[in-house]
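Written below as structure tokens is the structure these notes are about.
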Amino acid sequence: MVLQPGDLSWLSKCCPAVEMLQLRWLGPEVGIEEEWLGTWALSLKLLSVQLWYDDCLGSPPVMEVTSRIIEKCQALEALCITGIDWPRAKAAILQALRGFRQIGQAQPALRRLSLEGSQAWQEDELELVKALVPRVEVVVLEDRTR
């Protein structure tokens, strides 16, 4: 189903306790609406976000989206971010994860973080991710076929 801006807010009113959600093609013109995120913050357990970089419009708001998800979704057990296909996406995710350290005690449910894309993660970057989310299993999948 292709959603238009505002559709998730409408859907959150109809279904107030969604546990799993997959957001695909999150591009530069799409953000995370506070209304649906606030509604599902206590029920959403699995969230998969596919980032999409547009050659003309640029990148999606990776840091803002990731930070907002980490901050708001208190029941989130697993977060999968795919489409990490450009260098600044990695930097934005690392910046967002720095905020996790500050609110990490408020997010006891998060157990798994999966990062997927064509960008290679250096060993020091992986160590930093694991240090920023110490009790969370971190899985990094590098897909060179993209």
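Bear in mind that the values in this text are calculations on the coordinates, not laboratory data. Predicted model only: the values in this text are computed from it and were never measured. Cβ: placed from backbone, ideal geometry, glycine included. Neighbour counts: every protein chain shown.
Can you work out the FRET efficiency for the pair Glu137 and Glu35, with r the C-beta to C-beta distance and R0 = 22 Å, to the nearest 0.05?
Values: r = 31 Å, r/R0 = 1.39.
Step by step, r from the Cβ atoms, then E = 0.10.
Which whole-number percentage describes the relative contact order of the stretch 41-96, with Cα contacts under 8 Å and a sequence gap of 6 or more?
Details: 63 pairs, mean separation 28.8, N = 56.
Result for the stretch 41-96 is 51 percent.
Mean-square fluctuation check for the chain, GNM, Cα pairs under 10 Å: which of Arg68, Arg135, Arg112 is largest?
Highest fluctuation among the options: Arg135.
Under 20 Å between alpha carbons: how many lysine pairs meet that in the chain, if sequence neighbours fewer than 8 apart on the same chain are excluded?
Values: Lys13/Lys45; Lys13/Lys72; Lys45/Lys72; Lys90/Lys130.
Close lysine pairs found across the chain: 4.
Which FRET efficiency, nearest 0.05, do Ser43 and Asp124 yield, Cβ-Cβ r, R0 25 Å? Numbers along the way, then the final one.
On the way: r = 36 Å, r/R0 = 1.45.
Plugging the Cβ-Cβ distance into 1/(1 + (r/R0)^6) gives 0.10.
Could you tally the net charge around Val30, taking each other residue with its Cβ under 13 Å from the Cβ of Val30, Lys/Arg +1 and Asp/Glu -1? The partial results should precede the final answer.
Details: positive: Arg24, Arg68; negative: Asp7, Glu29, Glu33, Asp54, Glu64.
Neighbour charge sum, excluding Val30 itself: -3.
Going by how many other Cβ atoms sit within 10 Å of their own, how do Asp124, Asp7 line up, fewest first? Display every interim value, and only then the final one.
Details: Asp124 8, Asp7 13.
Fewest to most other Cβ atoms nearby, the residues stand as Asp124, Asp7.
Of the options Leu8, Leu47, Gly58, report the single residue whose Cα projects farthest towards the positive end of the charge dipole of the stretch 1-106 (beta-carbon charges: Lys, Arg +1; Asp, Glu -1).
Leu47
Using 0.36 nm per residue of separation minus the Cα-Cα distance, give me the extension gain between Leu94 and Ala109 in nm, one decimal.
On the way: separation 15, 0.36 × 15 = 5.40 nm, distance 1.99 nm.
Full-extension gain reported as 3.4 nm.
Taking 1 over the mean of 1/r across every pair of different Cα atoms in the chain, what Kirkwood radius in Å do you get? The partial results should precede the final answer.
Values: mean 1/r = 0.0646 Å⁻¹.
One decimal place: 15.5 Å for the Kirkwood radius.
Give the relative contact order (percent, whole number) for the chain; include only Cα pairs under 8 Å separated by 6+ residues. Working shown, then result.
On the way: 262 pairs, mean separation 28.6, N = 146.
After rounding, I find 20 percent.
What is the extension gain from Ser9 to Arg24, computed as 0.36 nm multiplied by their sequence separation minus the C-alpha to C-alpha distance, in nm to one decimal?
Working: separation 15, 0.36 × 15 = 5.40 nm, distance 1.64 nm.
Result for the pair: 3.8 nm of gain on full extension.
Per-residue ellipticity at 222 nm for the chain, helices alone: DSSP H runs ≥ 4 residues times -39500 (n - 2.57), over residue total, nearest 500 deg cm²/dmol? Walk me through the numbers on the way to the answer.
Numbers: 5 runs with 53 residues, N = 146.
For the chain, the value works out to -11000 deg cm²/dmol.
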